[in-house]
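Peer 1: Provided herewith is a single structure, encoded as structure tokens, for subsequent inquiry.
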Amino acid sequence: MIEVTDHAVLRYLEREMDLDVERIRHTIAHSLGSHRVQQLVEFSSGVRCRIKVEGMIYCLRGNTVTTFLGRKEKTGRRESCGAGPASAASS
């Protein structure tokens, strides 16, 4: 059976379904643009952290969003941001 990577799915959505990936990227960055989040990013000094903004959970490594876990209440799952320390901040 052929397996399909997340990257291939993303490109398919972008190129065949006209999903505006750059608009989504901007939306995510904007949602994390508060002064408090910026302070956390500077404080974390490149380590991995998990932050919660308006109920949505993001994983960052330094100033880069590495994954989006969604809303805990919605998913009901407990997912990890990977190895390393985890921090949380709400706004």
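Peer 1: Any residue that is surrounded by 10 or more Cβ atoms within 10 Å (Cβ to Cβ) and either modelled with pLDDT under 80 or touching a strand residue (DSSP E or B) at 6+ places or on another chain (Cβ under 8 Å) (or both) - is there at least one of those in the stretch 12-23?
Peer 2: no
Peer 1: Do you know which residues across the stretch 57-68 are of a type outside the set (Phe, Trp, Tyr) and within 15 Å of Ile24 (Cα to Cα)?
Peer 2: Thr64, Val65, Thr66, Thr67
Peer 1: Starting from residues that are touching a Gly at 6+ places or on another chain (Cβ under 8 Å) and of a type in the set (Val, Ile, Thr), keep the ones in the stretch 1-56 and report whichever is nearest to Ser80 (Cα to Cα).
Peer 2: Applying the filter and picking the extreme gives Val47.
Peer 1: On the given criteria, is Leu10 more than 14 Å from Val65 (Cβ to Cβ) and either outside any helix (DSSP H, G or I) or β-branched (Val, Ile, Thr) (or both)?
Peer 2: no
Peer 1: Something else now. Scan the stretch 36-59 residue by residue and report those that are charged (D, E, K, R) and outside any strand (DSSP E or B).
Peer 2: Arg36, Glu42, Glu54
Peer 1: Suppose the filter is hydrophobic (A, V, I, L, M, F, W, C), in a helix (DSSP H, G or I) and at pLDDT 80 or above; does Val65 pass it?
Peer 2: no
Peer 1: I'm checking my understanding of the structure. Among residues of the stretch 41-59 that are of a type in the set (A, V, I, L, M) and farther than 19 Å from Arg71 by Cβ, which one is surrounded by the fewest Cβ atoms within 10 Å (Cβ to Cβ)?
Peer 2: Val47
Peer 1: If only one of Thr5, Thr27 is closer than 19 Å to Thr66 by Cβ, out of contact with any Lys or Arg (no Cβ under 8 Å at 6 or more places or on another chain), among the polar types (S, T, N, Q) and surrounded by fewer than 10 Cβ atoms within 10 Å (Cβ to Cβ), which one is it?
Peer 2: Going through Thr5, Thr27 in turn, the sole match is Thr5.
The values are calculated or read from the model by the stated rules, or taken from the named source; none is laboratory data. Worth saying up front: this structure is predicted, and the values here are computed from it rather than measured. Cβ sites come from the backbone with ideal geometry, for glycine too, and all protein chains shown count toward neighbours.
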